[in-house]
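Peer 1: Can you read through this structure? Questions will come right after.
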Amino acid sequence: MTDGLSTAYALPPAVTIAVGLALVAVVLSFAPASRSRTSFVGMLGGLILWGIAVLGMRLSPDPSIALQWNRWTPVALYILFLFYFRFAREYTNTHDGNKVLIAGWVGLLVLIVAAPAGLLMEGLRIEDYGYAPVAGPLAVPAGASGIILLLAGAVTLRRRYRVSSSDEEKTRLLYLIVAAILPLVGALLDVGTNLPPVGIWTSLAFCVICSIALLRYRLLDIPVFARRLLTYLVLGVLIAVPYVATLFVLQRVLGARLDPIWSFIITVLLLALVLRPLYGAAQAVVDKAFYRDRYEALRALERFSREAQHSVDLQSLAIEVTTLVVDALHANHACLFLPQPERGDFELAHCAGMDIPSSRPVLSARGALARWLAQHPGILAHRMLDIEPQLQSLSQRERSLLQSMGASIIIPVTSAGGQLAGLLALGEKASHRPYTGDDRRLLETLSNQLAVSLDNARLYSEAIRARRDLERWVDGMEDSVLIVAPDHTIRFANRSAREDLGVEAGMPCWSSLGNDRPCAVCSLIETFSGGTGSTRLSRHIRERDYDVVAAPLLEPDGSVALITVLRDTTSRNRIEAELRSSQAQLRDLASHQETVREEERRGIARELHDELGQYLTALKMDIATLSRHAPSNAHEEAQEKLSGMKSVVEATILAVQRMSSRLRPGILDDLGLVPALEWLARDFQERSGLSCQLDVGEEFAFDERYSTALFRICQESLTNVARHSHATRVSIQLRRDDASVVLTVTDNGRGIPKAQLDDPHSFGVIGMRERARALGGEAYFESAEGGGTIVRVVLPFPTEPPLKGAGQ
């Protein structure tokens, strides 16, 4: 092994890589784009990666380098198994197994991480034939995961095999199942035995079998390559002959010189424009040669697919499809059964090629035939009625009906939701030959297209019925409702619109506004232009106020109309205006009462301070004089009485001063808001024992209204803190923010519940809000970060100079 490996030893993986790349090129070039194509390419990619890893190992004379290559072979094989499972799901259109697929992707990531660490392949043995792998600790779990993916894919294909009625598809599925098992067998033999390596040979067999499934049994529609190739060959002949003839006429007959290259380019371009219709002719020639007697049938199917998209009449569809089948497949007759609207049983809709009985036959939707076709969506041959056990319970009436109709095959028409939407029964061919696989594929395609057309017709009928229900419902509404077409004509007007707006269906939409010509600016044009949202506006129509809401409405024919609701808001607007006026009057009254109350407080405080305070001071001085002039031999009890009287008078003076300050602090009137707030902060801190800080950004000069309102709001906030918050710290901030003045009181307490803010009995909160609103501002209550409450009052900054006595 140290002198290199033989060519025979390296040739199998090289051939595997080449064949795999060729298959990938064929699939990517000629198969239509689909998820199954992507999964099939991924499966081939895993095989190619496996071949590259094996080739790298076999070409490496150094065992350590060969080991590095070999460690990636399990990952490549796992990719093959993972994409095989994904391909099986996509090919059979199976939607279960998502968890297995997700687990497979996770397992792939684990293997990618584990491979370089030697957890999958621990080492290599040198045998007579070359290198032999030594499994690592994760080799068994990884192999088990791959086997699970492989078996899950094979089971999925097996389920499709059991329900398929196409012999060609069954053969294709068998090839795919056998092909996937071969790499697994080879990998297990390479890892678990001392036999010479066979995995690469089983991989070659996988490539061969996939090639057969691709080319012979038309996996992924690869034969379309041959059709395209023939088309281009015919087109080349059709263009080459006129091109040569044109050059001959120009040069030999007319004597024109075409030496410059641009002369040839112009000639080619002119021929390309003139001969462009030849492509369609070439395509038709190839199609007739390729499809032979099926050409006209396919053309008819193409025409049916194009026209049936716009057909919503079930009877027309039945006539068209049965006629198409008889003409295309040369059947003696074809009959279509469609479900009845009420019971759901399948009633004969039309027969082409035979007379329809006067009493239309019916097949029960709960009968054995309908149940079996719903569970096995494939073409059913008449002979299977006597073979399939589940069809032995078919009623004698239905069996006799099918016998009298000469039904050779029965094709179920299955909707996208898996529901049985109809039954198509065909008699024998006029040639008495059996229906071929191509005939069956044509019928399956026709059945799918018919199911779509039937669904469209059913949905259209349901849309018409829903539209009528909508019109009946809105006709009883008190609001005026209009449905307006894109051409601005009214399609529907409910009773209220007819009575209140005087409009009828067919009139232009602007007539509902009382106009005799289109609006200069249409407020609804955006919705007609493809907007998906609603439009809201207010209009004054015929001395009445209306709120108008318009939104797009999809019509049964697919066009977009506009449903417009006009609500008469005249009475509501009048009541709202009266309510706003009443609220403004109440606010003015409350403001006036607060002003009167402040005046009363100021008067009481002044009388307490000036009059009662003076009397108490005089009394205190008299007691002091009496105490000084009392005889020295006065009784000790009398001296104590005088001293007690003096203390009582002093306490009364202090109480009067506190009462006066609480009623109306004189400092607010004498010095202004900022000194008053400083006094309030000190007084609160002394009385409550809480830390209270005041932060004033600048000097403010306010009139009496602003000063009083801000002071009282701050005073109420501090009162709430002392009573409810359980705080230890309070801060007061007064700032000017653009054209506003902002007072903020923040504490670190437990916060204020939202229910308390909305409580109609929270008179303190209500009072603060009303004081702020009386000056055009607002009071906000928020939760502080980390706990506590923030009271923020925002007032518009006064533009007038402060009134006399406002203070600085």
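The values are calculated or read from the model by the stated rules, or taken from the named source; none is laboratory data. Only a predicted model underlies this, so the values are computations on that prediction, with no experimental measurement involved. With ideal geometry, Cβ positions are generated from the backbone for all residues, glycine too; neighbour counts draw on all protein chains shown. Just the protein is used for accessible areas: all its heavy atoms, side chains included, with ligands, DNA and RNA removed. Shrake-Rupley method; radii C 1.70, N 1.55, O 1.52, S 1.80 Å.
Peer 1: Can you confirm whether region 682-704 contains a residue that is within 19 Å of R769 (Cα to Cα) and either surrounded by 16 or more Cβ atoms within 10 Å (Cβ to Cβ) or at pLDDT 85 or above (or both)?
Peer 2: yes
Peer 1: Now a separate question. Just to verify a result, which residue in region 390-400, among those that are loosely packed, with under 15 Cβ neighbours inside 10 Å and over 46 Å from the mean Cα position of the chain (by Cα), is nearest to N332 (Cα to Cα)?
Peer 2: S400
Peer 1: Another question about this same structure. Limited to region 54-86, what total is found for residues that are closer than 14 Å to I112 by Cα and small (G, A, S)?
Peer 2: So the count comes out to 1.
Peer 1: When you scan region 401-453, how many residues do you find that are open to solvent by 30 Å² or more (accessible area, probe 1.4 Å) and assigned to a helix (DSSP H, G or I)?
Peer 2: 11
Peer 1: Here are some conditions: (1) in contact with a Leu (Cβ under 9 Å, 6 or more places away or on another chain); (2) part of a helix (DSSP H, G or I); (3) touching a residue at least 12 places away in the same chain (Cβ under 8 Å). Y460 meets all but one. Which one does it not meet?
Peer 2: Failing condition for Y460: (1).
Peer 1: Return the only residue of L101, L67, L23, L80 being surrounded by 19 or more Cβ atoms within 10 Å (Cβ to Cβ), of a type in the set (A, V, I, L, M, F, W, C) and under 17 Å from A154 (Cα atoms).
Peer 2: On the way: L101 fails: surrounded by 19 or more Cβ atoms within 10 Å (Cβ to Cβ); L67 fails: under 17 Å from A154 (Cα atoms); L23 fails: under 17 Å from A154 (Cα atoms).
Every option except L80 fails the conditions.
Peer 1: Is it fair to say V474 is touching a helix residue (DSSP H, G or I) at 6+ places or on another chain (Cβ under 7 Å), closer than 25 Å to T569 by Cβ, without any contact (Cβ under 8 Å) to a residue 60 or more places away in the chain and open to solvent by less than 20 Å² (accessible area, probe 1.4 Å)?
Peer 2: no
Peer 1: Tell me which residues, restricted to region 755-777, are in contact with a strand residue (DSSP E or B) (Cβ under 9 Å, 6 or more places away or on another chain), open to solvent by 40 Å² or more (accessible area, probe 1.4 Å) and over 15 Å from S717 (Cβ atoms).
Peer 2: Those that are in contact with a strand residue (DSSP E or B) (Cβ under 9 Å, 6 or more places away or on another chain), open to solvent by 40 Å² or more (accessible area, probe 1.4 Å) and over 15 Å from S717 (Cβ atoms): R773, G776.
Peer 1: Scan region 585-593 and tell me whether some residue there is at pLDDT 70 or above and either out of contact with any helix residue (DSSP H, G or I) (no Cβ under 9 Å at 6 or more places or on another chain) or exposed (fewer than 12 other Cβ atoms within 10 Å of the Cβ) (or both).
Peer 2: yes
Peer 1: OK, next. Every residue in region 27-37 that is surrounded by fewer than 17 Cβ atoms within 10 Å (Cβ to Cβ) and touching a residue at least 40 places away in the same chain (Cβ under 8 Å), please.
Peer 2: S29, P32, S34, R35
Peer 1: Those residues that are at pLDDT below 80, farther than 21 Å from P675 by Cα and charged (D, E, K, R), I need them from region 772-808; list them, please.
Peer 2: Of everything in region 772-808, those that are at pLDDT below 80, farther than 21 Å from P675 by Cα and charged (D, E, K, R) turn out to be E785, E800.
Peer 1: Please go through region 329-347 and give me each residue that is touching a Pro at 6+ places or on another chain (Cβ under 8 Å) and not hydrophobic (A, V, I, L, M, F, W, C), ordered by number.
Peer 2: Scanning region 329-347 gives D345, E347.
Peer 1: Does region 117-150 hold any residues that are part of a helix (DSSP H, G or I), open to solvent by 60 Å² or more (accessible area, probe 1.4 Å) and modelled with pLDDT of 85 or more, and which are they?
Peer 2: The answer is P141, I148.
Peer 1: Going by what's in this entry, would F83 be described as within 29 Å of the chain's Cα centre (by Cα), of a type outside the set (G, A, S) and closer than 23 Å to L184 by Cα?
Peer 2: Numbers: within 29 Å of the chain's Cα centre (by Cα): yes; of a type outside the set (G, A, S): yes; closer than 23 Å to L184 by Cα: yes.
Against the criterion (within 29 Å of the chain's Cα centre (by Cα), of a type outside the set (G, A, S) and closer than 23 Å to L184 by Cα), F83 qualifies.
Peer 1: May I ask you to list the residues in region 368-394 that are within 20 Å of S447 (Cβ to Cβ), out of contact with any strand residue (DSSP E or B) (no Cβ under 6 Å at 6 or more places or on another chain) and part of a loop (DSSP other than H, G, I, E, B)?
Peer 2: H376, G378, E388
Peer 1: Which of the residues that make up region 291-345 are hydrophobic (A, V, I, L, M, F, W, C) and modelled with pLDDT under 75?
Peer 2: Those that are hydrophobic (A, V, I, L, M, F, W, C) and modelled with pLDDT under 75: A297, L298, A300, L301, F304, A308, V312.
Peer 1: Further question: Only residues in region 746-771 that are at pLDDT 80 or above and small (G, A, S) count as the first member; pair them with residues that are in a helix (DSSP H, G or I) and buried (at least 16 other Cβ atoms within 10 Å of the Cβ), Cβ under 6 angstrom, at least 6 apart or cross-chain, and list the lot.
Peer 2: Final answer for the pair search is G749/S725.
Peer 1: If you don't mind, there's one more thing I want to ask. Tell me which of these D547 doesn't satisfy, since it passes every other one: (1) modelled with pLDDT under 75; (2) on the phi < 0 side of the Ramachandran plot.
Peer 2: (1)
Peer 1: Could you tell me which residue of region 44-53 is surrounded by the most Cβ atoms within 10 Å (Cβ to Cβ), considering only residues that are of a type in the set (A, V, I, L, M) and under 20 Å from A115 (Cα atoms)? Give the steps one after another, and end with the answer.
Peer 2: Restricting attention to region 44-53, the residues satisfying the condition of being of a type in the set (A, V, I, L, M) are 44, 47-49, 52-53.
From what is left, the residues that are under 20 Å from A115 (Cα atoms) are 47-49, 52-53.
Working: L47: 28, I48: 24, L49: 19, I52: 19, A53: 22.
Checking each candidate, the answer is L47.
Peer 1: Let me ask something else. Please list, ordered by first then second residue, the pairs with beta carbon atoms under 8 Å, 6 or more apart or interchain, first in region 773-786 and aliphatic (A, V, I, L, M), second buried (at least 17 other Cβ atoms within 10 Å of the Cβ) and in a loop (DSSP other than H, G, I, E, B).
Peer 2: Final answer for the pair search is A784/N748; A784/G751.
Peer 1: Name every residue in region 321-357 that is among the charged types (D, E, K, R), open to solvent by 20 Å² or more (accessible area, probe 1.4 Å) and more than 16 Å from I411 (Cα to Cα), in order of residue number.
Peer 2: Across region 321-357, the qualifying residues are D327, E342, R343, D355.
Peer 1: Moving on to the next point. Over 19 Å from W201 (Cβ atoms), charged (D, E, K, R) and at pLDDT below 85: is that true of R37 in this structure?
Peer 2: The answer is yes for R37.
Peer 1: Now a separate question. So, of the residues in region 358-380 that are over 44 Å from the mean Cα position of the chain (by Cα) and closer than 15 Å to E398 by Cα, which turns out to be surrounded by the fewest Cβ atoms within 10 Å (Cβ to Cβ)?
Peer 2: By that ranking, first place goes to S359.
Peer 1: When you go through (1) open to solvent by 10 Å² or more (accessible area, probe 1.4 Å); (2) of a type outside the set (A, V, I, L, M); (3) within 15 Å of P133 (Cβ to Cβ) one by one for Y91, which number turns out not to apply?
Peer 2: (3)
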